[in-house]
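Remarks on the structure that follows.
Please treat every number below as a calculation from the coordinates, not as lab data. Source: prediction; values computed, not measured. For neighbour counting, all protein chains shown are included, and Cβ atoms are generated from backbone atoms with ideal geometry for every residue, glycine included.
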Amino acid sequence: MLQEAIDFREESDALYAVLDGLNDDDWKRTTQFKQWTINDVIAHLHFGNYAADLSLKGADAFAQFTRQLSAAGARGIKHKEFTQAWLDGIGDRALANRWRLFYGELAEGFGAGQPSYTARDRAGAIAIRP
């Protein structure tokens, strides 16, 4: 398994261990990151992991997803709002548990050392290397 995938899983596991000790009110607590709540930050991480997983599936899947995100932005929808809609109401501990299951799968996928490719998004070419 690639060291980066191992590190990703270990860092995610460490964060999950902190989240596991939160009470229901803690999820709504504001952080120093953009004044987002803990729930917002985990939603952002899960969303990013989903995009990374699409990069494993190929340039077309990743590009389609980034086009959807760009189109939403052109309509004035902020990234955080897009993510909340994408999650369809999942939040707090249920979101953390979903994130945990998914980051494990993602680490396995990237750890397999699949070939790299270049995807395109609105910023231009991005090298994606598992």
Open item on the list: For segment 44-101, which trypsin sites (Lys or Arg not before Pro) pass both filters: DSSP loop (anything but H, G, I, E, B) and at most 10 other C-beta atoms within 10 Å?
Closed with: Arg75, Lys78
TODO: Pick out which of Leu56, Leu101, Leu19 has the largest mean-square fluctuation in a Gaussian network model of the chain, springs linking Cα atoms closer than 10 Å.
DONE: Leu101
TODO: Subtract the Cα-Cα distance of Val41 and Asp88 from 0.36 nm times their separation in residues, and report this length gain in nm to one decimal.
DONE: 15.3 nm
- [ ] Averaging sequence separations of C-alpha pairs under 8 Å and six or more residues apart, then dividing by the length of the chain, give the relative contact order as a whole percent.
- [x] 37 percent
- [ ] Could you pull out every residue, at least 5 positions away or on a different chain, whose amide H is within less than 5 Å of the one on Thr37? Hs are placed 1.01 Å off N in the peptide plane, and Pro or chain starts have none.
- [x] Thr31
Task: Length added when fully stretched, Lys34-Asp20, from 0.36 nm per residue minus Cα-Cα - done: 2.8 nm
- [ ] Please compute the Cα-Cα pair-distance distribution of the chain with 5 Å bins starting at 0, giving whole percents from short to long.
- [x] 2, 10, 18, 20, 20, 17, 10, 3, 0
Task: Qualifying trypsin sites (Lys or Arg not before Pro) for segment 4-44 [loop in DSSP, other Cβ within 10 Å: at most 15] - done: Arg29, Lys34
TODO: Please arrange Ser12, Ser70, Ser55 by counting, for each residue, the other beta carbons lying within 10 Å of its beta carbon, fewest first.
DONE: Ser70, Ser12, Ser55
Open item on the list: Once each part is reduced to its C-alpha centroid, what is the distance from segment 1-45 to segment 60-90 in angstrom?
Closed with: 21 Å
TODO: Output ³J(HN,Hα) for segment 28-45: one whole-Hz value per residue in order, computed from phi by the Karplus curve 6.51 cos²θ - 1.76 cosθ + 1.60 with θ = phi - 60°, and x for Gly and Pro.
DONE: 9, 5, 6, 9, 7, 7, 6, 6, 7, 7, 4, 4, 4, 5, 5, 4, 4, 5
